[in-house]
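Just so it is clear, none of the values below were taken in a lab; they were calculated from the coordinates. Keep in mind that what you see is a predicted model, and the values were worked out from it rather than measured. Methodologically, a virtual Cβ is constructed for each residue, glycine included, from the backbone with ideal geometry; neighbour enumeration extends over all protein chains shown.
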Amino acid sequence: MRKFLVVLDDSTECLNAMRFAAMRAQNTGAGVEILAVIPPDEFNHWIGVATVMREEARERIHAHFEVFAKWMRDKQQIDPELVIREGEAVEEIVKQVEEDKDVGVLVLGAGTGRAGPGPLVTHLARHAGTFPIPVTIVPGNLTRDQLEAIT
């Protein structure tokens, strides 16, 4: 089954990317895979402290994921998968796409603030021509009605 890959983070635009992926998956008979990447710089501490911090990060990710997963199950009849990786975001996204051949589209949310669309969108837009799958960038300012209309 083809899957839409969405990156889970704390950004507000992540919500629109999740909505878009779930709606497209429901309308096309696909699945949703949610990828959370824990950056390595979160664990530059003593081994014992790093282990505790790593576990806390995983717990936060699971709690965040469950909010999106419940909405997807209840409203879109999609049961998403969660994948947690550790490393640099872009590298881990590429590795996930290469390892899971069912992933067919990467969905990212674009920020609307002064900082620009976000580091992932900026980086992947520059390298879109060589990325192994299509990348869909969802504007962060789209309404739910607009998302429903385009999915």
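Counting the residues of region 114-151 that are aliphatic (A, V, I, L, M) and assigned to a loop (DSSP other than H, G, I, E, B) gives 3. Taking region 1-113 as the region of interest, the helices (runs of 4 or more DSSP H) fully inside it that hold 3 or more residues being over 19 Å from His123 (Cβ atoms) and touching a strand residue (DSSP E or B) at 6+ places or on another chain (Cβ under 7 Å) are 13-28, 47-71.
From the list Glu148, Glu88, Glu92, Glu81, the lone residue that is touching a residue at least 12 places away in the same chain (Cβ under 8 Å), buried (at least 19 other Cβ atoms within 10 Å of the Cβ) and of a type in the set (D, E, K, R) is Glu92.
Name the residue that is surrounded by the most Cβ atoms within 10 Å (Cβ to Cβ), counting only residues in region 95-112 that are among the hydrophobic types (A, V, I, L, M, F, W, C) and in contact with a helix residue (DSSP H, G or I) (Cβ under 6 Å, 6 or more places away or on another chain). The extreme case among them is Leu108.
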